[in-house]
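What follows is one structure encoded as structure tokens, with my remarks underneath.
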Amino acid sequence: MGFFGGFFAGMFARPLAGLSVGFCVLLLIGGIVDRVVLGHESKPTGESSARVVRAVDGDTLVVLQDSVEQRVRVLGIDTPEVTGTPECGGEAASRSAKRWVVANSIVTLRSDPAAPDRDRYGRLLRYVEPPRMVLQPGEDLSGLQVRRGHARVAAYGQKLTKLSELRRFERQARS
């Protein structure tokens with residue numbers, strides 16, 4: 001390497017390597033602080049197509065996307081439970097979702113900028129829509145479940161895009 005090569009390696013390479021490692025550590029710490037301390041979540045990535053494998057209950061589906069099965073929690077609604085301690089109306093909500101899935105086995109999963117990408121159970125949080133070019137209000141799974149009285153609107157403090165539409169459907173279902 002010679003005198004000058006060794007001199008420059010000692011003067012610049014080692015300090016630069018140390019700076020690079022330090023910079024990477026700062027980036028990692030910044031990401032952790034951003035996510036854990038400040039509560040920022042990764043945001044959803046728009047819309048994608050998926051094949052529905054099955055409806056788990058009235059507001060949860062299993063889909064096949066890019067050859068990977070994923071659970072999807074339907075945004076904007078909450079239906080009565082059918083597992084654990086079954087709740088009144090849970091079976092009807094589940095049957096309704098299963099009928100919708102039979103008619104719509106290929107779906108569009110649409111994110112909402114106000115919602116995180118996943119819930120605390122690791123499920124994708126998405127609106128589930130039939131793959132039509134022009135979607136009529138209430139044709140998506142959340143709108144259908146609320147309109148039929150099988151679900152209540154549940155935004156969990158988020159200003160969801162479809163919140164006013166879902167609340168209108170809820171008022172109509174109650175009347």
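Tell me, yes or no, whether segment 103-110 has at least one residue that is under 15 Å from residue 58 (Cα atoms), open to solvent by 10 Å² or more (accessible area, probe 1.4 Å) and polar (S, T, N, Q).
Within segment 103-110 (the criterion being under 15 Å from residue 58 (Cα atoms), open to solvent by 10 Å² or more (accessible area, probe 1.4 Å) and polar (S, T, N, Q)), the answer is yes, since at least one residue qualifies.
For segment 102-111, does any single residue satisfy the condition of being of a type in the set (Lys, Arg) and touching a residue at least 24 places away in the same chain (Cβ under 8 Å)?
Within segment 102-111 (the criterion being of a type in the set (Lys, Arg) and touching a residue at least 24 places away in the same chain (Cβ under 8 Å)), the answer is yes, since at least one residue qualifies.
I need the full set of residues from segment 144-161 which are part of a loop (DSSP other than H, G, I, E, B), under 22 Å from residue 90 (Cα atoms) and open to solvent by 90 Å² or more (accessible area, probe 1.4 Å), in order please.
148, 156, listed by residue number.
Of the conditions (1) closer than 19 Å to residue 79 by Cβ; (2) part of a helix (DSSP H, G or I), residue 164 satisfies every one except a single condition; which number is it?
Tallying (1) closer than 19 Å to residue 79 by Cβ; (2) part of a helix (DSSP H, G or I), residue 164 fails exactly one: (1).
The values are calculated or read from the model by the stated rules, or taken from the named source; none is laboratory data. The model shown is predicted, which means the values in this text are computed figures rather than measured ones. Counting neighbours? That spans all protein chains shown, and the Cβs are built from the backbone with ideal geometry, glycine included. We work out accessible area using only protein heavy atoms, side chains counted, and drop any ligands, DNA or RNA first. Shrake-Rupley method; radii C 1.70, N 1.55, O 1.52, S 1.80 Å.
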